[in-house]
Structure formats: structure tokens, C-alpha cells
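K.L.:
Just passing along the structure, written as C-alpha cells.
The values are calculated or read from the model by the stated rules, or taken from the named source; none is laboratory data. These figures come from a predicted structure and were not determined experimentally. Cβ atoms come from the backbone with ideal geometry, glycine included; neighbour counts cover every protein chain shown.
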Amino acid sequence: MKIFWPISAVVLLFQFSSCSTLFYEEDPANDPVTNFEILWETLNERYSFFEYKNVDWDAVYQEFRPRIYQEMNEAELWDVCTEMLDLLRDGHVNLRNENDIYFYPWYSGAPENFDEFLLEANYWGNFEITGAMRNTIIDSIGYIYYRSFNGQITEDQLDYLAEKFAGLAGLIIDLRNNEGGNPENGFRLARRFIDERRHIYTTIYKDGTDPDAFTPPEKAFLEPEGKPLPKQRVAVLCNRTTYSAGNFFIAMMKAFPNVTVIGDRTGGGGGAPVGWELPNGWYFNFSSSITWLPDGFIIEDGVDPDIRLDMSPENQLEGRDDILERALQLFN
């Protein structure tokens, strides 16, 4: 059995931390009981949010272990394991095989608060695509839509946008439906707005099998770098699908005095995901850290906006985006 990193960019979340030791063991038996035991025990030793989420993992074992038997097929095992994982309420917890993937739907029941077709038809105009960033000027305000932090951002691209938006009254960054990716892209973007070196968040990492085995708290700092984007006033738009690295970016920007976050609470995803392989070839990820803002707020379940606002279905039918319109009002 081995630890693996299914998304290499996740490692960047540990740039402020010491590296955890990875280890290998003899390959265990491949049967339903062993696969279940390894899944439960790995989480028992290495998952970071049991106390925060008030989950009694031992009681969960007592509930689910009797449902596991050697003669069950993989579909039956899958159903029991995913039902158990659902209790963690964590979008970074997932289980994957060659035919299916389970993840917790953290955004379930929330208003979408985003309509790309509406934006393209009524707001974006003759937008440009600079790397992974759609960008334009709306009512003399710079605008960037960044769909995924897996889309690379380079310093040259940000220099170009800094020149394009130079002299404008401010900038809107639209991160709605951004489900995360490489957090380094978020750091690179945020450095163009920050006014001075600032403490943006603090993280501890699970580094042992005991429930309280975490690294000492490590503060993350960010400081200005490169040509600045308009930063006298910045609006960041988010919805419940803004997740993982998107959630971290919102948390960072909340530390800046010139930034206003508008929309819905983000979806969360405040733990750095690591992964494991089961004997039957299934892979699973889980959160291995806890991060909180300078005021002590843990960001796992999302970050609240400064202005809470949903899109009105009636206005949406008329081609208006209430969240973007509210952001534009900030500059008037």
C-alpha cells in the first residue's frame, strides 16, 4: 500500500510546511474486509477534521463494519464505503475506480449564482483570453473571469493585464464556479494586489497517527511582487461552487483592506488533499490539514462574502447579473 499524489499541484499547498514522511508497506490481501479496514484505518490515522466536524469515527466503524463480509461484490462494497465517506461532508474526500468516482456534493442545494451565457451576451463584449483568464473592461472597470486554478497564470500574462488595466478605478475578479486547482496560480495573482507583506492564513498538517498529532501552526505570508493590477478597489465574486484553491484565494483576499467579496459563501475545501491506494486498485483522497484566517476562522466549510447576494431569476431572465452589477456599484 502506498501514499500517492493524484494531483501534483496539491503539493504546492505545502510550500509553507515541512514535508510529511511517505512510507510503503507490504501489499496486503485484496478482499472486501481488508479494503474496508484500510480505508477506515487510514482516515482514522490521517484525516484532519474529525474534531472540527464532530465525527466519532470509532462509532462510524461500529456502524459500518458489520455490513462488510467477504462474499460481497465490489458494487456492494462501493455502496457501503461511499455511504460511510458521506458522513465526513468533505469535498476533498473521494473514492475512485476505473468506472466511477464518488465525491461529496458540497454545493448541493445552493443557488448557482452564475450564468456564463448571460455574461458573454450582455457584459463581456469583445473580451480577450489571456492564458486562462477571460478579461475585458466593463464600464471603465477591469474584469477578469478565472474559471479554474488549473489554468496556468504566468508573470508575463499578469504584466500584460497590469498594462491593459493601468489607470482604471479598480478591478473585478470573477471566481464563480472555480472549483480549484493549482494554488500557486492564486498566490501569483494575489501578489499583484497586496499593498504590503501580510499574514494571510495559518495551517497545521496531520503528521502522525494520534488524533492530536499535527505540526506546529505555520503562518503563511504574502507580499507584493510584479507590476500591480488596479488595487485601490477590488471586488471578488464567488458562489458555493468556488472551492479548494478558489476557497483559499478568497481567504487570502479577505486579508486585504481594499478588497470586497460579493456573492455566496464559498464551498470550502480548506484541507490539503492527499491520497491512498487500496489493494483492489481503488484510490481515495482525504483532507490532511486545517487552515484558519488571521482572526481564527477555519475555512473548511467556506468563507463568507462581505456582501451576501444571490442572482434574481427574474433579473437573470432580463439579462442582468445581480452579483456583477453590485460589484460595479462599488466603483460608482
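K.L.:
What number goes with the only condition from (1) surrounded by 13 or more Cβ atoms within 10 Å (Cβ to Cβ); (2) closer than 29 Å to residue 48 by Cβ that residue 100 does not pass?
P.N.:
The single condition residue 100 does not satisfy is (1).
K.L.:
Within segment 269-326, which strands (runs of 3 or more DSSP E) (wholly inside it) include 3 or more residues that are modelled with pLDDT of 95 or more, closer than 19 Å to residue 102 by Cα and not β-branched (Val, Ile, Thr)? Write out each step before concluding.
P.N.:
Details: elements: 273-277, 283-287, 289-292.
Those strands (runs of 3 or more DSSP E) span 283-287.
K.L.:
All but one of (1) surrounded by fewer than 19 Cβ atoms within 10 Å (Cβ to Cβ); (2) under 22 Å from residue 170 (Cα atoms); (3) at pLDDT 95 or above hold for residue 145; which doesn't?
P.N.:
Here residue 145 meets the rest and fails (1).
K.L.:
Oh, and also: When you check residue 17 against the structure, is it modelled with pLDDT of 95 or more, among the hydroxyl-bearing types (Ser, Thr, Tyr) and within 14 Å of residue 271 (Cα to Cα), yes or no? Explain how you work it out, then say what you get.
P.N.:
On the way: modelled with pLDDT of 95 or more: no; among the hydroxyl-bearing types (Ser, Thr, Tyr): yes; within 14 Å of residue 271 (Cα to Cα): yes.
Answer is no for this residue.
K.L.:
Counting only residues that are part of a strand (DSSP E or B) and aliphatic (A, V, I, L, M), which one in segment 255-268 is modelled with the lowest pLDDT?
P.N.:
Just the residues of segment 255-268 that are part of a strand (DSSP E or B), to begin with: 259-263, 268.
If we keep only those that are aliphatic (A, V, I, L, M) as well, we get 259, 261-262.
Working: 259: 94, 261: 97, 262: 98.
If we take residues in segment 255-268 being part of a strand (DSSP E or B) and aliphatic (A, V, I, L, M), then 259 is modelled with the lowest pLDDT.
K.L.:
Do we have any residue at all in segment 136-144 that's in a loop (DSSP other than H, G, I, E, B), in contact with a Ser or Thr (Cβ under 9 Å, 6 or more places away or on another chain) and within 22 Å of residue 305 (Cα to Cα)?
P.N.:
Within segment 136-144, the first condition is being in a loop (DSSP other than H, G, I, E, B), and the residues that meet it are 139-140.
Subset that is in contact with a Ser or Thr (Cβ under 9 Å, 6 or more places away or on another chain): none.
Checked against the condition, which is being in a loop (DSSP other than H, G, I, E, B), in contact with a Ser or Thr (Cβ under 9 Å, 6 or more places away or on another chain) and within 22 Å of residue 305 (Cα to Cα), segment 136-144 yields no hits at all.
K.L.:
Pick from 51, 63, 98: which is more than 25 Å from residue 266 (Cβ to Cβ), outside any helix (DSSP H, G or I) and of a type in the set (D, E, K, R)?
P.N.:
Numbers: 51 fails: more than 25 Å from residue 266 (Cβ to Cβ); 63 fails: outside any helix (DSSP H, G or I).
That would be 98, the only listed residue that is more than 25 Å from residue 266 (Cβ to Cβ), outside any helix (DSSP H, G or I) and of a type in the set (D, E, K, R).
K.L.:
Another one. Within segment 31-72, take every residue that is among the polar types (S, T, N, Q) and closer than 16 Å to residue 280 by Cα and give me the one that is surrounded by the most Cβ atoms within 10 Å (Cβ to Cβ). Give the derivation first.
P.N.:
Within segment 31-72, the first condition is being among the polar types (S, T, N, Q), and the residues that meet it are 34-35, 42, 44, 48, 54, 62, 70.
From what is left, the residues that are closer than 16 Å to residue 280 by Cα are 34-35, 42, 70.
Numbers: 34: 17, 35: 21, 42: 18, 70: 8.
Selected residue: 35.
K.L.:
Every residue in segment 235-260 that is crowded, with 24+ Cβ neighbours inside 10 Å, out of contact with any helix residue (DSSP H, G or I) (no Cβ under 6 Å at 6 or more places or on another chain) and β-branched (Val, Ile, Thr), please.
P.N.:
Hits for segment 235-260 are 242, 250.
K.L.:
Would it be correct to say that residue 100 is touching a helix residue (DSSP H, G or I) at 6+ places or on another chain (Cβ under 9 Å), among the charged types (D, E, K, R), farther than 21 Å from residue 321 by Cβ and without any contact (Cβ under 8 Å) to a residue 60 or more places away in the chain?
P.N.:
Numbers: touching a helix residue (DSSP H, G or I) at 6+ places or on another chain (Cβ under 9 Å): yes; among the charged types (D, E, K, R): yes; farther than 21 Å from residue 321 by Cβ: yes; without any contact (Cβ under 8 Å) to a residue 60 or more places away in the chain: yes.
Taking the combined requirement at face value, the residue satisfies it.
K.L.:
Here is a further query. Given the criteria of a type in the set (A, V, I, L, M, F, W, C) and touching a residue at least 24 places away in the same chain (Cβ under 8 Å), does residue 297 qualify?
P.N.:
Values: of a type in the set (A, V, I, L, M, F, W, C): yes; touching a residue at least 24 places away in the same chain (Cβ under 8 Å): no.
So residue 297 does not fit the description; no.
K.L.:
Further question on the same structure: Sort through 71, 76 and tell me the only one that's among the charged types (D, E, K, R) and either part of a loop (DSSP other than H, G, I, E, B) or at positive phi (or both).
P.N.:
Details: 76 fails: either part of a loop (DSSP other than H, G, I, E, B) or at positive phi (or both).
None of the others qualify; the one that does is 71.
K.L.:
Over 14 Å from the mean Cα position of the chain (by Cα) and on the phi > 0 side of the Ramachandran plot: which single residue out of 115, 139, 100 fits that description? Give the derivation first.
P.N.:
On the way: 115 fails: on the phi > 0 side of the Ramachandran plot; 100 fails: on the phi > 0 side of the Ramachandran plot.
Criteria check complete, one pass: 139.
K.L.:
Can you work out which of the residues in segment 117-131 that are surrounded by fewer than 19 Cβ atoms within 10 Å (Cβ to Cβ) and touching a residue at least 40 places away in the same chain (Cβ under 8 Å) is farthest from residue 263 (Cα to Cα)?
P.N.:
Filtering segment 117-131 for residues surrounded by fewer than 19 Cβ atoms within 10 Å (Cβ to Cβ) gives 117, 120-122, 124-131.
Now narrow it down to the ones that are touching a residue at least 40 places away in the same chain (Cβ under 8 Å): 121-122.
On the way: 121: 21, 122: 19 Å.
Across segment 117-131, the extreme among qualifying residues is 121.
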